[in-house]
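The values are calculated or read from the model by the stated rules, or taken from the named source; none is laboratory data. All values reported here derive from a predicted model rather than from experimental measurement. Here the Cβ is made from the backbone with ideal geometry for all residues, glycine too, and neighbour counts use every protein chain on show.
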Amino acid sequence: MSIYQHYRADEKPFIDQIFESIHFVKDTYSFKLTDFLDPRQQEIVTQLASYDGQVVVFLDGGIENAERQRAIISPPYFEPESDDFGLAFFEVDYADKFFTIEHRQLLGALMNLGIIRDKFGDILINDKTVQFIVAKEVSGFVQLNLQAVGKATVALRKLNSEELIKINEEWKIQSGTVSSLRLDAVVSEMFHISRAKSAAYIQKGMVKVNWKVVEQPNYECCKLDTISVRGFGRGKLVSIDGQTKKEKWRIQYGKK
């Protein structure tokens, strides 16, 4: 029985990458550090390590309950220290009397530096305070080259982890049933729109799963997928709890 049958076809490259890391750890008796992973990827890494049985996984995103975290895959006897996760922390200094910086603006500015999304962790915004977490190996480049966000001129000030603001972003958990785990069915339930509108939004490129645009209404959703719809916000498929007698799927999902 192939391990791949338990996952979506588009997850195979990531699974292969993690298997390579697991083999590296077992061959070298050292640890392997990943880039930042979304919640679904964190679930996959943990499952694959458990399936292998000879390695363990540690996760850290710099703050408690971080959404995006780096993973250390290691032998069971290894105990990582915080520095092993390669995290750097910045606060954005800008003229906050004249400008407002939003999450999407900062993420867009960071991506425009030519660095892949996987090198960036959570973005923390509380009133006028704007901070973000980044992989240490690219932190120097980011600090040198990020000079503007939107119309605001910015400078970056390096922080230690104790200076990060505490964001209390709790998911509001709801329960529901769906006829299938297709993306259009899950979006319809999660955002309380018709199945037809859900399919139309997906086909127009307005829906992202784990921060990637998905345009296929029949795309199969999995536990811990993060789903966003332009204009409607973001949700997470927290759990899939089996089927009812009428063969509908029971799901729990969170919304912010």
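Scanning segment 10-40 for residues that are in a helix (DSSP H, G or I) and closer than 21 Å to L124 by Cα returns P39, R40. Collect the residues in segment 224-240 that are at pLDDT below 95, among the charged types (D, E, K, R) and over 11 Å from V187 (Cα atoms), keeping them in residue-number order. Result: R230, single match. What are the pairs with Cβ atoms under 9 angstrom where one residue, in segment 242-254, is farther than 8 Å from T177 by Cα and charged (D, E, K, R) and the other, located anywhere, is part of a loop (DSSP other than H, G, I, E, B) and at pLDDT 95 or above? Sequence gap at least six, or different chains. Going by the 9 Å Cβ cut-off, the qualifying pairs are E247/S179. Just one residue in the set I63, I3, I44, I15 is β-branched (V, I, T) and surrounded by fewer than 16 Cβ atoms within 10 Å (Cβ to Cβ); that residue is I3.
None of I165, I133, I173 is in contact (Cβ under 8 Å) with a residue 40 or more places away in the chain and crowded, with 17+ Cβ neighbours inside 10 Å except I133. For segment 113-166, the set of residues classified as aliphatic (A, V, I, L, M), outside any strand (DSSP E or B) and over 18 Å from K97 (Cα atoms) consists of L113, I115, I116, V138, V142, L144, L146, L164, I165, listed by residue number. Return the only residue of D93, D127 being of a type outside the set (S, T, N, Q), touching a strand residue (DSSP E or B) at 6+ places or on another chain (Cβ under 9 Å) and surrounded by fewer than 14 Cβ atoms within 10 Å (Cβ to Cβ). On inspection, the qualifying residue turns out to be D93. For the residues E64, E79, the requirement of being assigned to a loop (DSSP other than H, G, I, E, B), closer than 26 Å to K255 by Cα and at pLDDT below 95 singles out E64. For segment 208-245, a residue qualifies if it is more than 23 Å from K172 (Cβ to Cβ), among the β-branched types (V, I, T) and buried (at least 16 other Cβ atoms within 10 Å of the Cβ), and exactly one does: V214.
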